[in-house]
Amino acid sequence: MAEFATLTAVEIAKLVDSGAVAAAEITERCLARIDECEARIGAFLAIDAEGARGRAAVLDRRRLAGERLGRLAGVPIAIKDNLSVAGQPLTCGSRILEGYVAPFTATAIERCLSEGAVLVGRTNLDEFAMGSSCENSAFQLTRNPWDHERVPGGSSGGSAASVAVGAVPLALGSDTGGSVRQPAAFCGIVGLKPTYGRVSRSGLVAFASSLDQIGPLARNVEDAALALEVIAGPDPRDATASTRAVPSYLKNLEEGIRGMRVGLVREISDGQLDPASRNVWRRSIRRLESLGAELHEISIPNLEGAIAAYYVVANSEASTNLARFDGIRYGRRERESTLAQTYSRSRSRGFGIEVKRRIMLGTFALSSGYYEAYYRRAQGVVAGLRRQLEAAFEEVDLIATPTTPGGAFRIGERIEDPLAMYLSDIFTTPANLVGLPAIALPAGSDDNGLPLSVQLMARQFDEVRLLRAARGFERDLAWRVVPAFEGVIDAD
């Protein structure tokens, strides 16, 4: 069998389903890889070795009995620690949820397990998914596999690092303003944010309910497409989940990008990118054209205000969603003499600095006298952005942008500068504000050998076209994973 760290989810499922390799062997190799890397990377908050071994053993017995194992047969997966699994701790990277055990399993996780996936652990994240670096976790620091002095991105930094280092071929994260795509970009892997409602949010702890979406992080587009096929679909437990039928995302994946109309946004300027990112972005444009895409300039005037609107809307929703974590309904309780003191001390001691900052900003934006000036105005920007994007998609099939303004920054570099940190999401937030599907793809490296990324966006529920184009770009670039601890290399 090939070195475990290079195997994709599709390859593992074929090996296990055919009986060429036992699920138990795959699981042991996965756990060995985690043991090898975890002390230096810190991707996982919890590793369920015995549970994983038990699930693998059941799969092997079922195969011997001639049963169907599923599309993720024996594939080790990791999940962000804001996704519920019955009987397992759920912390959201926060002290306020220490000791909490989930009473039910998220729909997306149920669907992975029903297709034969082997859940091996829960990954680190910025507290309550609020951050762009994975430095806001209450429990530990996660490091980028490419450079241990740099961040893996956030908030799904642990999930991205676990895939990039070869610990698992597939992980799930959540994306509220880029929290799957930005860490995928920093870690040199693929990150997919589906259309809002394409994947059930049942069992995902809410940050901003109108923006949150579960998505896969993978080593290649094919694995991301497979994961989306598994987790997508209607769910009676989530009223916002779409009832549209789920197409096959793998069926026409290799047909390429030729003939597709790709929009380049006039409002994205070279000055928004660092020099290395600018060079990789220009090469990416040339690559798209060489692959047969028709390039068109489009205008999205409200793009400039999207990041500001996002942080008003997201923080406003967060202040409401996190009200339940008060030491009474949920969360660690600080026992004080009055109810008001119990609320205050529980939240003050349970939440970290970034979460408190966002709750305060959101509460302010929703407060009497400021609602019209901030929240209502932000919603107006979003409505204009939606109209502009709808008009753009009458002219083009896809929109291409950089994923981030630059590569992974150093640990501690932006933690005292929230504005600089927030601007990491400048290109990713529009897809969440309007509910569009978007994918981050490796596109090259900077002068330090750190990965850089390109983003593609499509119309709502047009993931088939999005994944096809992404696969064509990926195939031409020939970016690949290697078993070396350092992670990933650019073969271009």
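The values are calculated or read from the model by the stated rules, or taken from the named source; none is laboratory data. This one's a predicted model, so the numbers in the text were calculated from it and none came from an experiment. Cβ coordinates were reconstructed from backbone atoms using ideal geometry, including for glycine residues, and neighbour counts include every protein chain displayed.
Tabulated values for the structure
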item	result
Subset of the range 414-435 that is in contact with an Asp or Glu (Cβ under 9 Å, 6 or more places away or on another chain) and either part of a loop (DSSP other than H, G, I, E, B) or without any contact (Cβ under 8 Å) to a residue 60 or more places away in the chain (or both) - its residue that is surrounded by the fewest Cβ atoms within 10 Å (Cβ to Cβ)	420
Output for the range 359-401, where each listed residue is hydrophobic (A, V, I, L, M, F, W, C), closer than 30 Å to residue 277 by Cβ and surrounded by 15 or more Cβ atoms within 10 Å (Cβ to Cβ)	361, 378, 381, 382, 385, 389, 392, 393, 396, 398, 399, 400
Which listed residue is in a loop (DSSP other than H, G, I, E, B) and either surrounded by fewer than 16 Cβ atoms within 10 Å (Cβ to Cβ) or in the same structural domain as residue 225 (by TED's automatic domain parsing) (or both), from 45, 69	69
In the range 343-376, the residues that are free of Cβ contacts under 8 Å to residues at least 40 places away in the same chain, assigned to a helix (DSSP H, G or I) and not aliphatic (A, V, I, L, M)	343, 344, 345, 348, 356, 364, 372, 376
Subset tally (residues that are crowded, with 18+ Cβ neighbours inside 10 Å, more than 16 Å from the chain's Cα centre (by Cα) and small (Gly, Ala, Ser)) for the range 208-245	3
Members of the range 225-241 found to be farther than 14 Å from residue 108 by Cβ and touching a residue at least 40 places away in the same chain (Cβ under 8 Å), listed by number	225
Flag for residue 410 being surrounded by fewer than 19 Cβ atoms within 10 Å (Cβ to Cβ), more than 20 Å from residue 150 (Cα to Cα) and of a type outside the set (Asp, Glu)	no
Contacts under 8 angstrom Cβ, first residue in the range 67-80 being closer than 14 Å to residue 33 by Cβ and of a type in the set (Gly, Ala, Ser), partner in a loop (DSSP other than H, G, I, E, B) and at pLDDT 95 or above, 6 or more apart	78/43; 78/167; 78/168
Of the criteria (1) in a loop (DSSP other than H, G, I, E, B); (2) free of Cβ contacts under 8 Å to residues at least 24 places away in the same chain; (3) aliphatic (A, V, I, L, M), which one residue 383 fails	(1)
Which listed residue is farther than 21 Å from residue 459 by Cα and of a type outside the set (D, E, K, R), from 263, 271	271
Number of positions in the range 183-198 that are out of contact with any helix residue (DSSP H, G or I) (no Cβ under 6 Å at 6 or more places or on another chain) and assigned to a helix (DSSP H, G or I)	2
Residue check for residue 320: polar (S, T, N, Q) and surrounded by 13 or more Cβ atoms within 10 Å (Cβ to Cβ)	yes
Residue match in the range 440-459 (condition: among the charged types (D, E, K, R) and modelled with pLDDT of 95 or more)	yes
Filter pass, residue 347 being assigned by TED's automatic domain parsing to the domain that holds residue 308, under 28 Å from the mean Cα position of the chain (by Cα) and more than 25 Å from residue 434 (Cβ to Cβ)	yes
Members of the range 246-274 found to be in a helix (DSSP H, G or I) and surrounded by 13 or more Cβ atoms within 10 Å (Cβ to Cβ), listed by number	253, 255, 272
Number of the condition not met by residue 98 [criteria: (1) at negative phi; (2) surrounded by fewer than 24 Cβ atoms within 10 Å (Cβ to Cβ); (3) at pLDDT 95 or above]	(3)
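Listed here are the residues, each with its yes/no results for (1) buried (at least 23 other Cβ atoms within 10 Å of the Cβ); (2) within 28 Å of residue 354 (Cα to Cα).
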{"residue": "65", "(1), (2)": "no, no"}
{"residue": "77", "(1), (2)": "yes, no"}
{"residue": "81", "(1), (2)": "yes, yes"}
{"residue": "91", "(1), (2)": "yes, yes"}
{"residue": "108", "(1), (2)": "yes, yes"}
